[in-house]
1. Show the residue pairs that are 6+ apart or on different chains and have beta-carbon atoms under 6 Å apart, the first residue being within the stretch 57-86 and among the charged types (D, E, K, R), the second being assigned to a strand (DSSP E or B).
2. Can you name the residue in the stretch 67-95 that is over 14 Å from L109 (Cα atoms) and of a type in the set (V, I, T) and, of all such residues, is nearest to the chain's Cα centre (by Cα)?
3. Which of the numbered conditions does A118 fail, given that it passes all the others? Conditions: (1) closer than 18 Å to V31 by Cβ; (2) without any contact (Cβ under 8 Å) to a residue 12 or more places away in the chain.
4. Is it the case that some residue within the stretch 25-36 is of a type in the set (G, A, S), out of contact with any Asp or Glu (no Cβ under 7 Å at 6 or more places or on another chain) and touching a residue at least 12 places away in the same chain (Cβ under 8 Å)?
5. Which strands (runs of 3 or more DSSP E) does the stretch 1-101 wholly contain that include 1 or more residues that are modelled with pLDDT of 90 or more, of a type outside the set (S, T, N, Q) and surrounded by 11 or more Cβ atoms within 10 Å (Cβ to Cβ)?
6. Can you tell me which of (1) free of Cβ contacts under 8 Å to residues at least 60 places away in the same chain; (2) of a type in the set (V, I, T); (3) open to solvent by less than 40 Å² (accessible area, probe 1.4 Å) is the one T112 doesn't meet?
7. Can you tell which of V76, V122 is over 28 Å from M12 (Cβ atoms) and of a type outside the set (S, T, N, Q)?
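The values are calculated or read from the model by the stated rules, or taken from the named source; none is laboratory data. Just so it is clear, the model here is predicted, and its values are computed rather than measured. Here the Cβ is made from the backbone with ideal geometry for all residues, glycine too, and neighbour counts use every protein chain on show. For accessibility, only protein heavy atoms count, side chains too; no ligands or nucleic acids. Shrake-Rupley method; radii C 1.70, N 1.55, O 1.52, S 1.80 Å.
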Amino acid sequence: MIFDALDNAQEMTDQSGKVILPQGRLFHLRVNAVPVEGAKAGVDAYRDVLEQLDLPDTSVGELQQKIAAADSVDPVDASQRVSVGASVPKTDGLDFGPSTSFRPNDEPLRFTLRLNGAWDPVPIP
C-alpha cells in the first residue's frame, strides 16, 4: 500500500491547456493486490473486484480483447504494461477505482490488480 501527499504550488497544464496537475495538496492511495498468473485467473480476479464494488463488468471484455491480442504485440512494446480499469462514481471529492495490468511478454501472463484513490486537492496550509 502506498499513500502519498504532494504539494503543488501552481497548476500544471499540457500544451492544449488541459490541467494535468492541479494546484494544492494532493492525496493519493494505491493498494496492490497479490499478483495472479494466467489469463483466466487475471480475468476472474478483476471481475470479482468489479462485482464487490457493484461496478459494471464492461471493462472485462476489454481486458479479454487485450489478452487475446497479447501474442500479436510488437516485441519492442511487449514489455510495456497493458491495463484496463473502472471507476466508482466520485463521492465527497474521492476518485476511486480498480485496475488490472499485465505485460504481453510474460509467460505465463501475470496480472497485477490495483485499487487507486485520489482526493480533490485542498489548499496548502
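1. From the stretch 57-86, the pairs are E62/V84; K66/V82; R81/S101.
2. Selected residue: V84.
3. Status for A118: all satisfied but (2).
4. The answer is yes, given that some residue of the stretch 25-36 is of a type in the set (G, A, S), out of contact with any Asp or Glu (no Cβ under 7 Å at 6 or more places or on another chain) and touching a residue at least 12 places away in the same chain (Cβ under 8 Å).
5. Output list reads 2-8, 24-32, 82-85, 88-91.
6. (1)
7. V76
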